[in-house]
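Computed from the coordinates by the stated procedures, all read-outs in this text should not be read as laboratory data. Quick caveat: nothing in here was measured; it's all calculated off a predicted structure. Note that we place each Cβ from the backbone using ideal geometry, even for glycine, and neighbour counts take in every protein chain shown.
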Amino acid sequence: MARRTVGNSGLSVSRLGLGTMTWGAENDAEDAAAQLVMFTEAGGNLIDTADVYTDGASEALLGSMIGSHRTALVNRDAVVLATKAGIDPSSPRRRNASRGHLLQALDASLNRLGTDYIDLWQLHAWDDVTPLAETLSAVDIAVSTGRVRYVGLSNYSAWQLCAATTRQLCLGGSPIVAAQAEYSLLERSLEQDLLPAAKHSGVGLLPWSPLGRGVLTGKYRDGAPPGSRGASEQLQPFVFRYLNEQSAGIVEAVATAAEGLGVLPAAVALTWVRDRPGVTAPIVGARTAAQLKATLSSDELSLPEEIRTALEDVSAPRPA
């Protein structure tokens, strides 16, 4: 798998990242291990998690499989560990980017992951209460003490990203090199502001949900199949956003392109995002190792220009 540098930094990552949001819940230890080995053997090295994913179980499960210990499946130096902090389910305001919470969360993440440093530490969400100066002071402490190598943002708006990156640049703080945001053929609104802001600031984009929350795989074309998130009472709202007439037209275009190329629809949708200007590495998650194997098959795919153009036309955001 080809490597890319993250924004204006020297951090080199695979052009696909492995998401672990459901590890410890939907994915048990056996399936998580199979995914990790499959991903790294395919040349992937970017593994993304967060302190709140499955109440910390995702980090703990990942930590049990990575390291220098005898039972480790993957050597610590072979992967780029990315995790997040800044969401506190126990807090009334939920978003907590205070210095105290962030540094406490960082130490807890290091303990669960079984490592003494995080390659890419990301602020999980903007906090309207905590002053930005305080939040970024925690970032600088984390880097200066060697617990964090690189810093990123997640789910920040364009102005919030610019405020953070500009402050760090002007005050000589640890530069922000990455930003996570939802981006797919079904969600292109960030092209209006966040993507240009990230490119201008030297920040690499790590898209989450590049398959449109699973809709772009085509599995919802005839309704929600049993066992899917769309069939789950708890997770159905997450998918429902893209189960509409406009999305259906985009899904059909992706399916048509996939049929012509002899590949799966997911490969077409993922390749489109992966090769967009400003994108470093989409973060892909899988319910099973078999799903991940199908996703990784897109690594060798390159979309012809006429197909890219057709997909961009059919998925172009409608004017407000």
Full-stretch length increase - ALA29, ALA290 - with 0.36 nm per residue and alpha-carbon distance subtracted: 92.4 nm
Entry for volume of the Cα convex hull per residue in Å³ (calculated from the structure that is shown) out of (i) 119; (ii) 134; (iii) 167: (ii)
Computed label-point distance, nm, for sites ASP77 and ASP116 using a 7 Å Cα→Cβ extension: 1.4
Potential lengthening between GLU259 and ASN244 on full extension [0.36 nm per residue; Cα-Cα distance subtracted]: 3.2 nm
3J(HN,Hα) from dihedral phi, segment 197-211, Karplus parametrisation 6.51/-1.76/1.60, rounded to Hz, x for glycine, proline: 5, 5, 5, 5, 8, x, 10, x, 8, 10, x, 9, 6, x, 9
Candidates ALA266, ALA163, ALA138: whichever shows maximal mean-square fluctuation once the chain is modelled as a Gaussian network with Cα springs under 10 Å: ALA163
Test item: Cα-centred dipole of the chain, Lys/Arg +1 and Asp/Glu -1 on Cβ, debye: 440
Around LYS84: net Lys/Arg minus Asp/Glu count, Cβ-Cβ under 11 Å: -3
Beta bridges by DSSP in segment 1-124, antiparallel share as percent, to the nearest 5: 25
Protection-proxy order for peptides 272-283, 206-217, 294-305, each taking the mean of Cβ atoms within 10 Å per residue, highest first: 206-217, 272-283, 294-305
Lysines whose Cα lies under 18 Å from that of LYS219, excluding same-chain neighbours fewer than 8 positions away: LYS293
Sorted peptide list for 66-72, 105-111, criterion being average Cβ within 10 angstrom, highest first: 105-111, 66-72
Sequence-distant residues sharing a close amide H with GLU182 (under 5 Å, placed H): TRP208
Angle in degrees between helix 132-144 and the longest Cα principal axis of the chain, rounded to the nearest 10: 80
Alpha carbon convex hull of segment 74-196, projected area averaged over orientations, nm²: 8.8
Proximal charge balance of HIS200 [Cβ under 14 Å; K/R count +1, D/E count -1]: -1
Segment 304-318 and segment 1-78: distance between their alpha carbon centers, rounded to Å: 32
Nearest-0.05 FRET efficiency for THR145 and THR309, computed from C-beta distance (R0 41 Å): 0.25
Taking all pairs of distinct alpha-carbon atoms in segment 235-289, Kirkwood radius in angstrom: 12.9
Label-to-label distance, nm, for residues given as SER90 and ASP55 (7 Å Cα→Cβ offset): 1.2
